[in-house]
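Please treat every number below as a calculation from the coordinates, not as lab data. Just so it is clear, the structure is predicted and the values come from calculations on it, not from any experiment. Virtual Cβ from ideal backbone geometry, glycine too; neighbours counted across all protein chains shown.
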Amino acid sequence: MSLDIVGDDLKVTLPDGETRPFAHLDYAASAPCVEAAAQAVADLLPRYGSVHRGTGVRSQASTLAYELARDVVSEFVGAGPDDEVIFTRNTTDALNLLARALPAGTTTIVFDGEHHANLLPWPNQVRLPAPSSVAEAIAAVEQALESTTGTVLLTVTGASNVTGEVWPIKELAGLAHRHGARIAVDAAQLAPHRPINDLGADYVAFSGHKLYAPFGAGVLAGRRDWLDAADPYLCGGGASAAVGDRPGELEWATGPARHEGGTPNLLGAVAIAAVCEALTRADRDVLHEREQELLARLRAGIATIPGVTEVSLFGPDHPRVGIVSLAFTTDDPADVALRLGRDHGIGVRAGQFCAHPLVRRLTGSGVTGECGVTPGLLRISFGLGSTTEHVDRVLDGLRNS
């Protein structure tokens, strides 16, 4: 029950007057809320109050709930004794926080196939072209590591938001550590589908709204030394331990509070923790098997549709989560997405998915260094709550749209 989808009985009316259940196949953008998150928020609302700000029962209960949420998330990500968990707004916010906290002069290594959240914030970039194989990715990182000196951070996606392909995080983490570098993982698309507590990463970031907890919160978890040495991400109440009478007379807090200035998103943190706990208790092998069955059914059907091609970096046999993006020979993906929604009651996404360089690479549009808008791709993504009927309906829609 805790992982059942809230609103899975939502219905839409088609142009012919027929009413059908809505098929949400845009999980990679925002996953629907599960009962665990909604119930946790509902349970807290009657005693909701300010966090770390008072002695009354509401404040005390809220502070306890907030810190318990941090403990649950810490376990979910496999945080160690030298790590800390910081609640943010989303993955983008978390990665920007980490970028601001890097020691001066840090070199960052990043592939241009990343989501913009993990492409744009980083200083002193060594930007690598999106690889065509795992071996090429590892070789490119090794060459980059051998060519850099000083403090280095490798930052990479856990699973592509465009192709769904799972990246070789453990191998890349081991490689980074052998060269004295650290690794950060954008786990926004990985965390909803697979455990992230044993990646070997130094930093992990993800969003609640991708993890069935759409209440405007995210997480940055990782080694505390860089975070405690950096200036606060948000200067203000909570981030300051003591403030004097003159400018500059202040002492910043240490630990998560240093970067959680202002009143935190208590409900968002509690919702994320509730989903983390529910997923930890669930049989994730069973969930994975079910997702892979749907994925195989979808991909097999797509292969029979003329003029439609699934895109990938690493090839058709590489492991992936429930995300598939399609290129069309003649149709505009945006028009196809519109027809799927209007005529079939299906929600998908068309465009470049905040990964412009990667989409240009996958579609063969534009040239290296060219910046512009392309027709893009159509993305189908799913997870908890997705059904065989949803897959069959989108395949039927693609054949008849």
Antiparallel bridges, percent of DSSP beta bridges restricted to the chain (to nearest 5): 60
Among beta bridges that DSSP assigns inside the stretch 1-144, antiparallel share in %, nearest 5: 50
Dipole magnitude of the chain, debye to nearest 20 (Cβ charges: Lys/Arg +1, Asp/Glu -1, about Cα centre): 440
Contact order normalised by residue count of the stretch 37-281, Cα under 8 Å, 6+ apart, percent: 26
Mean separation of Cα contacts under 8 Å (6+ apart) over length of the stretch 122-201, as relative contact order %: 29
Cα gyration tensor category, rounded, prolate or oblate, for the stretch 25-103 with a/c compared to 1.5: oblate
FRET efficiency, residue 68 to residue 127 (Cβ-Cβ, R0 45 Å, nearest 0.05): 0.65
Radius 12 Å from Cβ of residue 72, net charge of other residues (Lys, Arg +1; Asp, Glu -1): -2
Cβ-placed point charges (K, R +1; D, E -1), dipole of the stretch 82-223 about Cα centre in debye, nearest 20: 240
For the stretch 245-315 and the stretch 198-228, distance of Cα centres in Å: 9
Potential lengthening between residue 343 and residue 305 on full extension [0.36 nm per residue; Cα-Cα distance subtracted]: 11.8 nm
Antiparallel bridges, percent of DSSP beta bridges restricted to the stretch 113-232 (to nearest 5): 45
Sum of -39500 (n - 2.57) over DSSP H runs of 4+, divided by residues of the chain (222 nm, nearest 500): -11000 deg cm²/dmol
Choice from 77, 308, 270 showing the highest fluctuation, given a GNM over the chain with Cα pairs closer than 10 Å: 308
Cα centroid separation - the stretch 118-178 against the stretch 1-60, whole Å: 35
DSSP-loop GluC sites (Glu not before Pro) across the stretch 222-308, with at most 11 other Cβ within 10 angstrom: 249
Cut-off 15 Å between beta-carbons: net charge of the residues surrounding residue 392, Lys and Arg +1, Asp and Glu -1: +2
Dipole of the chain, positive direction: furthest Cα of 206, 24, 96, with charges on the beta-carbon: 96
Total formal charge among the other residues, if their Cβ is under 12 angstrom from that of residue 134, Lys/Arg +1 and Asp/Glu -1: -3
